[in-house]
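A.B. asks: I have a structure here, written as structure tokens, and I will follow up with some questions on it.
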Amino acid sequence: MTTTAQPSEQPVAPADDAVTALMADRPALGETLDRFAAAFTALASFLGAAPDAELIDRLRAADQLEEWPVTDDDESLHGRSLLAESALAQEDATAVRRDYNRLFFGPDPMLAPPYESVHRSQEHLVFERETMLVRAAYAAFDLAAPRLNKEPDDHIGLELTFVATLCVRAMDALDDDDDLELARILRGIRSFLADHLLVWAPACLTQAAEGATTHFYQGVAALGLGALAGAEDAFLRTP
């Protein structure tokens, strides 16, 4: 995710009731933003590209699994258990990377296509209308996909990175007592989750969980499903 050269002036709308509710408990909001910034950043690193051995070992290390930021749901607990099994089975980087390619990359037909437009468009192709809508959502926050027009903007890794970036920006606005900017960013998080990630990514990750041959990617998929469900609860199901 890259920042565009010229920040645009964005109109500031008043906070709606749901955003106001999120902002009412500022310490809790800060903790929520921190948890999902960490979880989505980590998930993006394993879903955006095939990981190397160091990254694989880092995620499934016992101390890292204990510190996984989303822990209060069955999928997240299952994911942590599967990653611990991966470590015990000593699944090596070759097997894990092969599994990633089977699921998300190719050269054979992908078992869990990682592009929103493939899941949502009528023709199930990349660079469809959904891709352009995601591009516009990034641009509203002066962000762009790193390989614009060469790789689709709506890859699951990029969409997770976008939400993580907004969570970090929201934490900065919270620290600066910039409530207008905080409200704008929270609206962006809520709308992107509701209009994009939560519409298609659970199906993608379910395909990955069912198609993976390694405990590692079964675990990553479960962690992703847990994190998305947690984000829905945290940002969209406000009192």
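The values are calculated or read from the model by the stated rules, or taken from the named source; none is laboratory data. Bear in mind the structure is a predicted one, so any value in this text is a computation, not a measurement. A quick note on method: Cβ atoms are made from the backbone with ideal geometry, for glycine too, and the neighbour counts reach across all protein chains shown. The area values use the complete protein model at the heavy-atom level, side chains included, leaving out ligands, DNA and RNA. Shrake-Rupley method; radii C 1.70, N 1.55, O 1.52, S 1.80 Å.
A.B. asks: So how long is each side of region 86-161 along the principal axes, counting just the alpha-carbon atoms, biggest first, in Å?
C.D. replies: Principal extents (Cα only, largest first): 44, 28, 18 Å.
A.B. asks: Can you pull out the GluC sites (Glu not before Pro) in region 90-171 whose DSSP state is coil and whose Cβ has at most 16 other Cβ atoms within 10 Å?
C.D. replies: Working: sites: E91, E116, E123, E128, E130, E159; in loops: E91, E123, E128.
Qualifying residues, ordered by number: E123.
A.B. asks: Still on this structure: Give the angle, between 0 and 90 degrees and rounded to the nearest 10, that separates the Cα long axis of helix 198-211 from the longest principal axis of the Cα atoms of the chain.
C.D. replies: 10 degrees
A.B. asks: Now a separate question. How many Å² of accessible area per residue for region 46-135, probe 1.4 Å?
C.D. replies: On the way: 5130 Å² over 90 residues.
Spelled out: the 1.4 Å probe surface of region 46-135, per residue, equals 57 Å².
A.B. asks: Follow-up. Specify the longest stretch of the chain that does not include any exposed loop site, a site being one of the trypsin sites (Lys or Arg not before Pro) with a non-H, G, I, E, B DSSP assignment and at most 15 other Cβ atoms within 10 Å. Before the final figure, lay out each step's value.
C.D. replies: On the way: sites that count: R147, K150, R237.
Formally, the longest exposed-site-free interval is 1-146.
A.B. asks: Further, regarding this structure: Mind pulling the angle between the C-alpha long axis of helix 156-175 and the longest principal axis of the chain? Nearest 10 degrees, somewhere in 0 to 90.
C.D. replies: Approximately 40 degrees, to the nearest 10.
A.B. asks: I would also like to ask the following. Assuming a ≥ b ≥ c are the square roots of the Cα gyration tensor eigenvalues, decide whether region 132-239 counts as rounded (a/c under 1.5), prolate (otherwise, with a/b larger than b/c) or oblate. If you can, show how the numbers build up before the last one.
C.D. replies: Values: a/c = 2.21, a/b = 1.43, b/c = 1.54.
Verdict is oblate for region 132-239.
A.B. asks: Quick one: dipole size for the chain, taken about the Cα centre, charges +1 on Lys/Arg Cβ and -1 on Asp/Glu Cβ, in debye to the nearest 20. Spell out each step's value before the answer.
C.D. replies: Values: 18 positive and 41 negative charges, 142 e Å.
The dipole magnitude comes to about 680 debye.
A.B. asks: Now for a separate question. For labels at E31 and D16 in the simple 7 Å Cα→Cβ model, what's the distance in nm?
C.D. replies: 2.7 nm
A.B. asks: Within region 36-70, report the GluC sites (Glu not before Pro) that DSSP leaves as loop and that have at most 10 other Cβ atoms within 10 Å. Walk me through the numbers before you get to the answer.
C.D. replies: Details: sites: E54, E66, E67; in loops: E67.
The qualifying sites are E67.
A.B. asks: What share of all Cα pairs of the chain, in percent, falls into each consecutive 10 Å distance bin?
C.D. replies: Taking every Cα pair in the chain, the percentages come to 8, 32, 35, 20, 5, 0.
A.B. asks: Computed FRET efficiency, Cβ-Cβ of Q90 and D178, R0 45 Å: what is it to the nearest 0.05?
C.D. replies: Numbers: r = 48 Å, r/R0 = 1.08.
Efficiency, from the Cβ-Cβ distance: 0.40.
A.B. asks: Moving on. Pop out the carbon and sulfur fraction of the accessible area of region 140-239 as a percent, whole number, probe 1.4 Å. Intermediate results must be reported in sequence, preceding the final value.
C.D. replies: Numbers: 1740 of 3600 Å².
Carbon with sulfur: 48 percent of the solvent-accessible area.
A.B. asks: Share of region 51-111's accessible area from carbon and sulfur, percent, 1.4 Å?
C.D. replies: Numbers: 1850 of 3680 Å².
Looking at region 51-111 in its full context, I get 50 percent from C and S.
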